[in-house]
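What follows draws every value from the coordinates through simple rules; no lab data is involved. If you're wondering where the values come from, they're calculated on a predicted model, not measured in any experiment. When we count neighbours, we look across all protein chains shown, and the Cβ atoms used for this are built from the backbone with ideal geometry, even at glycine.
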Amino acid sequence: MTVSSLAAFVGLCAILALTPGPDSFLVLRYSLSNVKAGLSAAFGSSLGSIFWAGLVGIGLAALLEQSAEAYRVVKIIGGLYLIYLGVSAFVLSRRPQTPPREGDGPGVSGQLRSSFFAGLVSCLLNPKVGLFFLAVVPQFLPPGDASFGLTMMLGIIDFAISMIYLGTLSFVATRAVLWLKRPAVTKALERTSAAILTALGLGTAVSASS
């Protein structure tokens with residue numbers, strides 16, 4: 001791979017990362033709690049790129065390109081998962097907020113795990129990410145060489161770019177919440193992000209079933 005082709009791939013990954021999607025709203029949602037939860041969601045969502053690269057490398061992701069039914073199923077499941085996350089976030093925002101108590105460490109650990117898996121599962125259930133790798137990665141592989149190692153390297157590059165963007169987004173969102181730490185503002189932001197996630201899920205599920 002030449003330097004120019006590598007630069008082109010990095011540019012495409014940057015465009016993909018900057019395009020608003022479920023991963024961005026998930027990171028914003030969890031960043032409202034604390035920056036660690038936001039970064040955990042960002043890490044999970046970015047790590048999904050490496051999984052998709054691995055599936056492309058062994059040829060399984062090609063099933064989504066060849067089978068409209070498989071693409072539709074994954075898309076519907078992904079949409080339903082986003083609806084679940086959105087509704088759960090809205091229900092949680094309606095509960096009375098209580099100040100954290102000493103010894104709440106396991107709760108924080110559980111929040112980090114849940115935010116990580118939410119980001120990871122959301123990315124894995126987003127077939128558009130898989131199709132991005134199917135459409136883009138082969139163009140950057142040497143002719144006649146579908147190297148698994150090179151495919152994974154491109155996945156790691158996409159992971160790094162996504163993590164930089166989503167991590168920055170998490171820090172910015174957390175700072176904004178700290179600046180506007182009024183409960184009413186925080187609750188409004190939580191409900192807005194929950195509504196957006198639900199709307200994205202509904203749109204995804206409806207478009208897949210039509």
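Among TYR165, TYR30, the order by Cβ neighbours within 10 angstrom, fewest to most, reads TYR165, TYR30. Taking label positions 7 Å along the Cα-Cβ direction at both ILE164 and ILE58, the computed distance is 3.0 nm, reported to one decimal.
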